[in-house]
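Here is the structure we will look at.
Where a number appears in this text, it was derived from the coordinates with a stated rule and is not lab data. Quick caveat: nothing in here was measured; it's all calculated off a predicted structure. Reconstructed Cβ throughout: ideal geometry from the backbone, glycine too, with neighbour counts over all protein chains shown.
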Amino acid sequence: MPEVYNWQLGRNMSYPYQAASPELQWAFVFNINRCIACQTCTFACKATWTFSKGQEYMWWNNVETKPYGGYPRFWDIKLLEILDKAHTSAGKDASWDTSQRNGTERPYGTYQGLTVFEGAQAEATPTEVALGYEPTDDEWAAPNLYEDTATGLTSKEGDTSLESTGLPEHKSWFFYLQRVCNHCSYPACLASCPRQAIYKRPQDGIVLIDQERCRGYRKCVSACPYKKTMYRPTTRVTEKCVACYPRIEGKDPLALGQPLETRCMAVCPSKIRIQGLVKKNPDGSWAEDRYNPIYFLVKVAKVALPLYPQFGTEPNGYYIPPRWAPKPYLRQMFGPGVDAAIERYIAPDRELLAVQQLFRATQQIIFRYEIIEGPKVFEAVVNGKNWEMFNDTVVGYGKDDQELVRLQVNEVQYTRPAERPNSI
Ligand code: SF4
Ligand code: SF4
């Protein structure tokens with residue numbers, strides 16, 4: 001089986017498919033801390049792509065409440081259990097060696113366990129290219145069960161107390177997890193397809209299913225650890241998120257030839273989402289692009305982390321973890337970068353604060369930003385350390401380096417005149 005370098009795992013791994021790395025990779029950052037589960041993203045996607053017969057149960061974008069919610073139901077718990085069994089059978093340890101952390105090359109250290117590909121190979125008689133399962137109709141039927149259901153679980157083995165969540169005044173917790181296809185660098189869906197119907201586009205890394213070649217064998221449904229390919233019974237082929245590729249290509253009538261963010265990104269009223277295109281090297285690693293907002297958030301600030309990196313597909317979706325949920329729960333979900341990411345997010349430096357203003361500031365994809373320094377406007381003590389805020393200005397530039405947005409960190413406030421309190 002060919003070896004590829006997975007930078008999220010900090011090591012080479014076996015991947016049952018040899019493919020060239022794309023020049024640019026579609027990627028996104030979601031800030032979980034800001035999501036209100038309004039489902040505007042979910043319905044923007046549904047109304048654009050999956051409103052036809054046979055697509056009733058398809059939610060390419062979904063927002064689920066953790067720890068109990070999931071679409072399909074319990075998808076991640078099931079995958080983690082399958083992976084656990086593989087580790088037990090192989091006598092392997094699933095931990096991370098964080099002493100191997102090394103700048104941008106191995107930001108989380110080295111994963112010592114098995115990926116879904118390696119777990120499948122470790123079986124006595126390997127039959128599949130990736131560990132997985134095909135969800136039942138029942139598991140796909142109710143996309144939003146357990147919405148807003150809180151828990152007191154601390155995720156510490158044997159500990160059922162309610163004492164160790166992040167906010168002592170609220171001893172139970174939940175958070176929203178926004179999910180779309182990750183257009184993975186090493187997609188399990190693509191590797192598992194016996195018809196080679198799935199391909200990754202060289203220009204932007206978007207993963208698509210050729211509807212003419214697909215025969216509906218559903219190997220991809222079983223293999224995708226994130227369960228983001230979905231079978232359509234009316235056409236008997238499988239479909240998935242297409243990353244709104246006409247918008248990325250600038251073909252949306254609104255785009256005027258410039259790359260636009262996907263529909264789910266562009267509608268988010270809470271501004272939790274930013275999407276972009278990152279530059280890749282031929283070996284699959286990210287080329288340095290210091291002032292690309294996605295590169296900064298993932299590789300420099302390291303505040304945005306991959307979802308279940310241990311699965312091994314190198315997903316291109318990154319999450320700023322919620323600051324209030326128990327750390328053990330978050331570490332198994334986002335890897336060992338959680339503690340540093342939350343610490344940095346709670347007391348952001350002036351660059352991180354400025355880049356956060358760019359989330360949902362424009363529908364056009366921001367390729368580069370620049371910060372113009374402004375005066376200090378606030379200071380406080382956060383977690384026992386002095387913290388200062390500056391009214392810097394951040395400027396976002398598009399594909400052809402044209403200015404798209406210009407925003408100040410200190411947001412404009414309007415005060416209503418006393419005689420007209422209900423208007424501005
Ligand atoms: S639109 Fe934004 S705030 Fe609303 S559910 Fe989606 S990600 Fe969350
Ligand atoms: S998330 Fe699943 S469907 Fe999407 S590219 Fe990765 S493996 Fe394929």
Answer in debye to the nearest 20: the dipole magnitude of the chain about its Cα centre, from +1 Lys/Arg and -1 Asp/Glu charges placed on Cβ, is 700 debye
In this structure, among 66/327; 200/279; 53/78; 46/228, pairs with alpha-carbon gaps over 18 Å are 53/78
With +1 at each Lys and Arg Cβ and -1 at each Asp and Glu Cβ, the charge dipole magnitude of segment 25-88 around its Cα centre, to the nearest 20 debye, comes out at 120 debye
If the chain between residue 340 and residue 217 were fully extended at 0.36 nm per residue, the gain over the current Cα-Cα distance would be 40.0 nm
The distance between the Cα centres of segment 83-154 and segment 339-373, in whole Å, is 30 Å
Among 304, 393, 233, the residue whose Cα sits farthest towards the positive end of the charge dipole of the chain, when +1 is placed on the Cβ of each Lys and Arg and -1 on the Cβ of each Asp and Glu, is 233
Given Cβ charges of +1 for Lys and Arg and -1 for Asp and Glu, the option among 282, 328, 295 whose Cα lies farthest towards the positive end of the dipole of segment 257-336 is 328
With label points set 7 Å from each Cα along the Cα-to-Cβ direction at residue 352 and residue 47, the distance between them in nm comes to 3.5 nm
Taking only the alpha-carbon atoms of segment 199-314, the convex hull volume per residue, in cubic angstrom, is 162 Å³
Taking 108, 231 and counting other beta carbon atoms within 10 angstrom, the fewest-first order is 231, 108
Summed over the other residues with a beta carbon less than 15 angstrom from that of residue 117, with K and R at +1 and D and E at -1, the charge totals -2
Toy charge model, Lys and Arg Cβ at +1, Asp and Glu Cβ at -1: segment 272-383 dipole around Cα centroid in debye, rounded to 20, equals 240 debye
Here the gain from full extension of residue 38 to residue 3, 0.36 nm per residue of separation minus their alpha-carbon distance, amounts to 8.4 nm
Cα-Cα pairs in the chain separated by more than 40 Å, as a whole percent of all pairs, come to 16 percent
Computed over the chain, the relative contact order (Cα-Cα under 8 Å, seq sep at least six) in percent reads 20 percent
Length gained if residue 271 through residue 77 is fully extended, taking 0.36 nm per residue and subtracting the Cα-Cα distance, is 67.0 nm
Along segment 410-420, Karplus-curve 3J(HN,Hα) (6.51, -1.76, 1.60; θ = phi - 60°) to the nearest Hz, with x for Gly and Pro, reads 7, 6, 5, 10, 10, 10, 6, x, 4, 7, 10
